[in-house]
Amino acid sequence: MENNKEFIRNVDWLLQNDEFIKWRLFNSKELEDYWKEFIEDKPYMENALEEAILQFNKIKINYYQISDIEKKQIFSNISNKIKQFKLRRLILKVSYTAAVILIGFISIFIVREYNHTEKQKNQISSNMIVGQSLPEEEAYILSDGIKFKLKDKSHVGLINNGTAIITNSDNSTKMLALSTVAMNRLVVPYGKRANLTLSDGTVIWLNSGTQLDFPSEFVDNTREIFVNGEVFIEVKKDLNMPFIVHAGDINVTVTGTSFNLSAYLDDNMKSVVLVNGKVQVETKNNYKTDLLPNEKIEINNNSIKKEIVEISEYISWKDGLLELYSTPMSEILKKIGRYYNVQFEKSELITLNNETFTGKLFLSNSLDSVMTSISTLSSTEYLRDGNNIYIIKKEMPMK
């Protein structure tokens with residue numbers, strides 16, 4: 001028979017385990033399958049699991065069992081309690097080998113707490129990331145003070161005399177008359193994408209949360225646009241007419257090339273990654289440098305870093321993919337947050353944000369599908385309750 005101390009320790013671990021508690025409170029086929037596989041992988045835990053189930057079924061909170069209605073109420077109130085990190089303490093007493101087992105306050109499920117201390121609250125928060133899905137917004141073009149709404153993933157094509165042809169994802173089209181004097185503005189909010197073909201044939205893919213100012217036609221001897229956000233650009237070659245992208249504190253000058261530019265105003269880090277051709281990058285401090293294919297320049301306040309990179313990691317978003325190469329969780333969620341309009345916690349206490357992962361994510365239309373893929377890739381648990389999203393690091397017992 002297994003060592004009694006080890007048996008007690010394993011039962012104790014299960015009674016404090018978030019996954020176990022969720023299973024006993026919010027049962028589902030997914031959870032049943034999870035614990036079935038758990039025992040198949042760790043058969044030595046079977047007796048402890050049976051005992052933990054027996055003891056958990058004896059638990060009474062405030063001397064009465066949790067009803068289904070109360071379970072739903074607990075679940076619906078989780079997000080507010082998590083965000084404030086002020087979690088109501090519940091004490092559960094169980095008689096087990098003449099000992100008292102305390103199962104603590106409510107977190108995403110009912111999470112243990114033996115001592116109500118800041119250290120333990122920080123430990124819980126460090127293994128959990130909380131996000132919120134934000135209200136949907138529409139993409140649009142602003143021209144001469146008039147707003148023209150666009151559907152998601154629309155293509156805007158500029159032809160002669162300031163005319164734009166809008167092609168939607170269902171291949172329906174419409175024509176717009178844009179200003180031929182002032183700049184026009186294409187706004188793509190978080191959660192949306194679009195692309196634009198300029199009058200010279202240059203093609204621009206706009207990632208979520210991007211604003212682009214552009215003329216309906218280029219005149220004089222230069223082609224200039226203004227960007228706040230992230231774009232991938234295939235510039236139509238014209239040696240006599242340089243193409244200049246203004247993005248806050250940096251300017252990118254090319255004649256004909258393909259490159260990715262990330263320059264969100266709310267992000268200190270700006271970057272340019274060159275696919276082919278040649279570009280010149282200039283900063284506000286008059287620093288200038290040329291990039292060659294597969295090179296990336298990263299500008300973070302006054303810090304400048306230039307290196308050779310795997311370009312697919314930076315341009316795959318335009319094809320509905322995220323390619324990850326030892327990418328920190330914080331960076332993955334930043335991209336996912338912009339792509340699907342989800343705001344994730346950024347607390348420095350969250351150690352899970354610093355863990356790195358390698359793989360590919362297919363950016364489907366389903367946020368749940370993508371988050372499930374992330375949880376598989378990162379060995380975390382993904383849970384969604386309405387607009388609230390939770391990512392929890394899994395813990396496994398030691399034999």
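The values are calculated or read from the model by the stated rules, or taken from the named source; none is laboratory data. What you see is a predicted model, and the numbers here were worked out from it, not measured in a lab. Here the Cβ is made from the backbone with ideal geometry for all residues, glycine too, and neighbour counts use every protein chain on show.
Give the residue that is surrounded by the fewest Cβ atoms within 10 Å (Cβ to Cβ), with candidates limited to residues of region 175-213 that are of a type in the set (Gly, Ala, Ser) and assigned to a strand (DSSP E or B). Outline the logic, then answer.
From region 175-213, those of a type in the set (Gly, Ala, Ser) are 177, 179, 182, 191, 194, 199, 201, 208-209; that's our starting set.
From what's left, assigned to a strand (DSSP E or B): 177, 194.
Working: Ala177: 14, Ala194: 25.
Ranking the qualifying residues of region 175-213, first place goes to Ala177.
Scanning region 249-272 for residues that are within 23 Å of Pro189 (Cα to Cα), hydrophobic (A, V, I, L, M, F, W, C) and not in a loop (DSSP other than H, G, I, E, B) gives Ile250, Phe259, Leu261, Ala263, Met269, Val272. If the Cβ limit is 7 Å and pairs must be 6+ apart or interchain, which residue in region 240-263 that is within 16 Å of Lys288 (Cβ to Cβ) pairs with which residue that is aromatic (Phe, Trp, Tyr) and surrounded by fewer than 20 Cβ atoms within 10 Å (Cβ to Cβ)? Qualifying pairs under 7 Å: His246/Phe226.
The residues listed here are Met329, Met269; of these, the one that is in contact (Cβ under 8 Å) with a residue 24 or more places away in the chain and in contact with a Phe, Trp or Tyr (Cβ under 9 Å, 6 or more places away or on another chain) is Met329.
Scanning region 287-311 for residues that are loosely packed, with under 14 Cβ neighbours inside 10 Å and either β-branched (Val, Ile, Thr) or within 20 Å of Trp205 (Cβ to Cβ) (or both) returns Ile308, Glu310.
Are any of the residues in region 52-63 more than 26 Å from Arg384 (Cα to Cα), modelled with pLDDT of 80 or more and part of a helix (DSSP H, G or I)? Yes; the residues of region 52-63 include at least one that is more than 26 Å from Arg384 (Cα to Cα), modelled with pLDDT of 80 or more and part of a helix (DSSP H, G or I).
Take Lys360 and decide whether it is closer than 29 Å to Thr255 by Cβ and surrounded by fewer than 17 Cβ atoms within 10 Å (Cβ to Cβ). Against the criterion (closer than 29 Å to Thr255 by Cβ and surrounded by fewer than 17 Cβ atoms within 10 Å (Cβ to Cβ)), Lys360 does not qualify.
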